[in-house]
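**Q** Got a structure for you, questions after.
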Amino acid sequence: MFTVDSWLARAWPVECPLCGLPAGGAGWCAACVALLPPAPAGCSRCLAPWPAASGVPAHCDAPPPWQRAWAPYRYGWPLDRLIGEMKFARRVTTAAALGRLLTACYVDAARPEVRGPVIPVPLHPARLARRGFNQAQELARPLATCLGLRLDPQALRRVRGGGAQSALGGAERRRRLAGAMAASAQRVVGEDVLLVDDVLTTGSTAGAAAEALLAAGARTVSVVVLAVAISPAADGTCNRA
Ligand SMILES: [Zn+2]
Ligand SMILES: [Zn+2]
């Protein structure tokens, strides 16, 4: 998987974040990368998996506000552990390792060329102060560097908190997040934005961010996340609208 990027190998001669052994390439050993659960094939807009039986692509009947989305992995063991460690144990070295992983996957997948700024989903300032870093920004930084794109964490900001959301359903999350973010028109007008976050769950956070970017004049928003959470009941219909 990590055959391409000598740039990454030069930048980070480090230990694999899962087993601790020295690792080349993007700083992960091949055996550990093989443990990571790949995202299922699915809708290129909302990432809902295609129905296993038919293989027919799902359609976005009520599409999310962004134009495209991409995730290399499904949210599950051991990524859930690493992502939790990064966020709740405030482990910035894990964030860096996950950023290298996302970057290597993106480059390997030869993703469609996006020219615009790379914008991390912002944290509310209070949460940022508690955590010490924004994990989305740590994921976005190596991606922007590797692609030669502008990293612009100032382009989008939280204007109010959404509260703790992990226990809430999609509708309630959306209600709380409506208008929670604002984008700078000066920074995003006419741009094709790469919006980066760690996990796409209900899509309400990325949706609020995309709405703010588009309202400020962004041309398109492509969502890039490390992992997509797939509900066990996923039946091939789009469930992030
Ligand atoms: Zn390893
Ligand atoms: Zn869809």
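**Q** Pairs needed: first member in the stretch 67-94, free of Cβ contacts under 8 Å to residues at least 24 places away in the same chain; second member anywhere, part of a loop (DSSP other than H, G, I, E, B); C-beta distance under 8 Å; at least 6 residues apart or different chains.
**A** Close Cβ pairs (under 8 Å, with a partner that is part of a loop (DSSP other than H, G, I, E, B)) amount to Glu85/Arg91.
**Q** Give Ala233, Ala215 a once-over and let me know the one that is of a type in the set (A, V, I, L, M, F, W, C), modelled with pLDDT of 95 or more and either surrounded by fewer than 20 Cβ atoms within 10 Å (Cβ to Cβ) or in contact with a Cys (Cβ under 7 Å, 6 or more places away or on another chain) (or both).
**A** So the residue among Ala233, Ala215 that is of a type in the set (A, V, I, L, M, F, W, C), modelled with pLDDT of 95 or more and either surrounded by fewer than 20 Cβ atoms within 10 Å (Cβ to Cβ) or in contact with a Cys (Cβ under 7 Å, 6 or more places away or on another chain) (or both) is Ala215.
**Q** Okay, next question. Output the residue which, of all residues in the stretch 24-34 that are surrounded by 12 or more Cβ atoms within 10 Å (Cβ to Cβ) and modelled with pLDDT of 85 or more, is nearest to ligand 2 (Cβ to nearest atom).
**A** Filtering the stretch 24-34 for residues that are surrounded by 12 or more Cβ atoms within 10 Å (Cβ to Cβ) and modelled with pLDDT of 85 or more, the one nearest to ligand 2 (Cβ to nearest atom) comes out as Val33.
**Q** Just name the residue that is farthest from Arg219 (Cα to Cα) out of those in the stretch 81-132 that are of a type in the set (A, V, I, L, M, F, W, C) and over 16 Å from the mean Cα position of the chain (by Cα). Don't jump to the end; show me each part of the working.
**A** At the first step, the residues of the stretch 81-132 found to be of a type in the set (A, V, I, L, M, F, W, C) are 82-83, 86, 88-89, 92, 95-98, 101-102, 104-105, 107, 109-110, 114, 118-119, 121, 123, 126, 128-129.
Right, trim to over 16 Å from the mean Cα position of the chain (by Cα) and you get 88-89, 92, 110, 126, 128-129.
Values: Phe88: 34, Ala89: 37, Val92: 32, Ala110: 22, Ala126: 30, Leu128: 28, Ala129: 32 Å.
So the residue we want is Ala89.
**Q** When you check Leu98 against the structure, is it out of contact with any Pro (no Cβ under 7 Å at 6 or more places or on another chain), within 19 Å of Cys46 (Cβ to Cβ) and either assigned to a strand (DSSP E or B) or modelled with pLDDT of 95 or more (or both), yes or no?
**A** Values: out of contact with any Pro (no Cβ under 7 Å at 6 or more places or on another chain): yes; within 19 Å of Cys46 (Cβ to Cβ): no; either assigned to a strand (DSSP E or B) or modelled with pLDDT of 95 or more (or both): yes.
Judged against the criteria, Leu98 is not a match.
The values are calculated or read from the model by the stated rules, or taken from the named source; none is laboratory data. Owing to the predicted nature of the structure, the values given are computational and were not obtained by experimental measurement. Because the Cβ atoms are built from the backbone with ideal geometry, glycine has one as well, and the counts that use them run over all protein chains shown.
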